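Trainee: Sending over a structure as structure tokens; questions will come in a sec.
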Amino acid sequence: MSFLQQAFRMVYVVLVVVLLPPLYFITRAIYRITLHPLVPFPDPKLRAISHLPHAIFGARGRQPYAIRGLHQQYGPVVRICPNLLSLITPSAWQDIYGHTASKKMRKYGYFKVRPDAQPMLTSEDEDHDVSVSIDIGQWFRLLAFDIISEFALNAHFQCVENAQYHPWVALLVKWFCAYSDVKKKVVREIEGAGGGWAVVSGFDVPGSTVLSVPQLATFSSPSKFSTPHHFLPERWLPSTHPARPAVTLSDRQEAFHPFSVGPKNCIGKGLAMAEIKLIVARFVQRFEFELRDDEFEVEGQTSHLFLNRPALRVGLRMRGKSRIVLRWNTGYMQEAISGLVVVESMSA
């Protein structure tokens with residue numbers, strides 16, 4: 001081969017290596033914003049072109065807040081990735097996740113067990129004039145595992161008694177953390193083959209599109225709930241109840257599904273609701289408490305599939321106790337938290 005032929009061959013190889021990748025990405029980007037089936041849906045063009053913005057916010061733990069901002073800017077349906085639509089319409093729950101939902105639609109799932117819970121924070125001081133700061137959220141999580149082990153496994157994990165997770169639970173958490181591809185497998189799970197179109201919340205959507213209903217954006221949307229950032233438990237009272245705030249009568253309560261809907265909704269919903277009602281009632285009855293800091297502020301939390309919850313520190317003392325010095329330690333908390341629930345009373 002002559003020198004000239006070698007030179008031309010080298011130039012050809014360099015051009016292919018240097019120019020072909022950028023040409024591919026440029027062509028793909030043009031296709032995604034001009035000819036892609038999801039072009040009719042509102043979107044930030046960078047998100048329509050690349051998954052990178054979604055991944056960056058996910059790595060920072062701010063993905064739910066970013067999606068909420070997109071819905072505030074673009075409306076009830078937003079293209080947040082090249083092939084991913086986010087909807088906050090009430091009917092989207094049933095259309096995407098319901099029993100009669102189209103089997104052609106892929107669902108964007110959040111499945112990950114969070115790392116070990118925040119360490120329990122207690123005070124070692126001998127003297128307190130009223131109360132001590134503890135991470136009550138940690139104790140509630142330990143109690144939840146004890147209840148679930150009793151009902152589901154007929155086992156006694158004794159998480160509260162030992163002030164730590166059962167080895168099985170800890171092993172499960174570590175396993176999920178080690179195998180991060182679990183989430184990817186769930187995302188790839190498709191109910192039926194792609195192809196065709198489906199109507200989702202009134203929108204014609206290609207069958208290969210990945211769909212989701214983001215809870216934070218939906219539950220805090222002013223178009224669904226009046227004053228969504230105000231804590232108004234009375235908004236859930238019947239519309240005829242005299243204590244129901246008038247401003248909440250236009251709330252779209254059908255948009256609120258914290259346990260999701262359909263055949264893959266939270267299997268523990270009934271148990272969770274029973275726990276919440278019983279434990280909160282007993283907790284309020286037994287203790288006086290106050291928030292000690294703003295570390296648990298929801299807007300400041302990060303989310304990597306699940307919220308990474310900081311310590312929920314409260315000032316705590318038993319009701320009926322005078323303002324005397326109390327020594328709170330792990331043993332006292334074990335006795336107090338264990339007394340919040342009696343399994344027999346829940347099953348009665």
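The values are calculated or read from the model by the stated rules, or taken from the named source; none is laboratory data. A quick note: this is a predicted structure, and the numbers were derived from the prediction, not measured. All Cβ positions, even for glycine, are placed from backbone atoms using ideal geometry, and neighbour counts span all protein chains on display.
Trainee: Within the stretch 195-225, track down each residue that is surrounded by fewer than 17 Cβ atoms within 10 Å (Cβ to Cβ) and either in contact with an Asp or Glu (Cβ under 6 Å, 6 or more places away or on another chain) or over 20 Å from PRO37 (Cα atoms) (or both).
Mentor: If the condition is that a residue be surrounded by fewer than 17 Cβ atoms within 10 Å (Cβ to Cβ) and either in contact with an Asp or Glu (Cβ under 6 Å, 6 or more places away or on another chain) or over 20 Å from PRO37 (Cα atoms) (or both), then TRP197, PHE219, PRO222, SER223 are the ones that fit.
Trainee: Does the stretch 131-174 hold any residues that are of a type in the set (A, V, I, L, M, F, W, C), part of a helix (DSSP H, G or I), farther than 18 Å from PHE283 by Cα and at pLDDT 80 or above, and which are they? Give the derivation first.
Mentor: Quick first cut of the stretch 131-174, residues of a type in the set (A, V, I, L, M, F, W, C) only: 132, 134, 136, 139-140, 142-145, 147-148, 151-153, 155, 157, 159-160, 163, 168-173.
Those left that are additionally part of a helix (DSSP H, G or I): 136, 139-140, 142-145, 147-148, 151-153, 159-160, 168-173.
With farther than 18 Å from PHE283 by Cα added as a condition, the list becomes 148, 151-153, 159, 168-173.
Passing the criteria: only CYS159.
Trainee: Separate question: Of the residues in the stretch 23-66, how many are under 27 Å from TRP197 (Cβ atoms) and touching a His at 6+ places or on another chain (Cβ under 9 Å)? Talk me through it step by step, then tell me what you get.
Mentor: So the first thing to find is which residues in the stretch 23-66 are under 27 Å from TRP197 (Cβ atoms), and the list is 27-51, 53-54.
With the extra rule that they be touching a His at 6+ places or on another chain (Cβ under 9 Å), the set shrinks to 47-48.
So the count comes out to 2.
Trainee: Limited to the stretch 85-114, what total is found for residues that are at pLDDT below 65 and among the basic types (Lys, Arg)?
Mentor: 4
Trainee: Scan the stretch 294-306 residue by residue and report those that are closer than 30 Å to GLY320 by Cα and exposed (fewer than 13 other Cβ atoms within 10 Å of the Cβ). Walk me through how you get there before you give the answer.
Mentor: Keep residues of the stretch 294-306 that are closer than 30 Å to GLY320 by Cα, which gives 294-297.
Once the filter is applied, which keeps residues that are closer than 30 Å to GLY320 by Cα and exposed (fewer than 13 other Cβ atoms within 10 Å of the Cβ), the stretch 294-306 yields ASP294, GLU297.
Trainee: Further, regarding this structure: If you check LEU340 against the conditions, is it closer than 18 Å to LEU143 by Cα, at pLDDT below 85 and touching a Ser or Thr at 6+ places or on another chain (Cβ under 7 Å)? Can you show your working first?
Mentor: Values: closer than 18 Å to LEU143 by Cα: yes; at pLDDT below 85: yes; touching a Ser or Thr at 6+ places or on another chain (Cβ under 7 Å): no.
Spelling it out, it is not the case that LEU340 is closer than 18 Å to LEU143 by Cα, at pLDDT below 85 and touching a Ser or Thr at 6+ places or on another chain (Cβ under 7 Å).
Trainee: Exactly one condition in (1) of a type outside the set (Lys, Arg); (2) over 19 Å from the mean Cα position of the chain (by Cα); (3) under 27 Å from ILE67 (Cβ atoms) is not met by PHE287; state its number.
Mentor: Unmet condition: (3).
Trainee: How about the stretch 292-306: which of its residues are under 26 Å from PHE225 (Cα atoms) and either over 21 Å from the mean Cα position of the chain (by Cα) or not aromatic (Phe, Trp, Tyr) (or both)?
Mentor: Just the residues of the stretch 292-306 that are under 26 Å from PHE225 (Cα atoms), to begin with: 294-306.
Correct list: ASP294, GLU295, GLU297, VAL298, GLU299, GLY300, GLN301, THR302, SER303, HIS304, LEU305.
Trainee: Next question. Which of (1) within 24 Å of TRP139 (Cβ to Cβ); (2) over 21 Å from the mean Cα position of the chain (by Cα) does PRO258 not meet, given it meets every other one?
Mentor: (2)
Trainee: Given the condition modelled with pLDDT of 85 or more, closer than 13 Å to ALA92 by Cα and assigned to a helix (DSSP H, G or I), answer yes or no: does some residue in the stretch 186-204 qualify?
Mentor: no
Trainee: Going by what's in this entry, would LEU326 be described as farther than 30 Å from PHE57 by Cα and either surrounded by 11 or more Cβ atoms within 10 Å (Cβ to Cβ) or modelled with pLDDT of 85 or more (or both)?
Mentor: Values: farther than 30 Å from PHE57 by Cα: yes; either surrounded by 11 or more Cβ atoms within 10 Å (Cβ to Cβ) or modelled with pLDDT of 85 or more (or both): yes.
Considered against the rule, which asks whether it is farther than 30 Å from PHE57 by Cα and either surrounded by 11 or more Cβ atoms within 10 Å (Cβ to Cβ) or modelled with pLDDT of 85 or more (or both), LEU326 comes out as yes.
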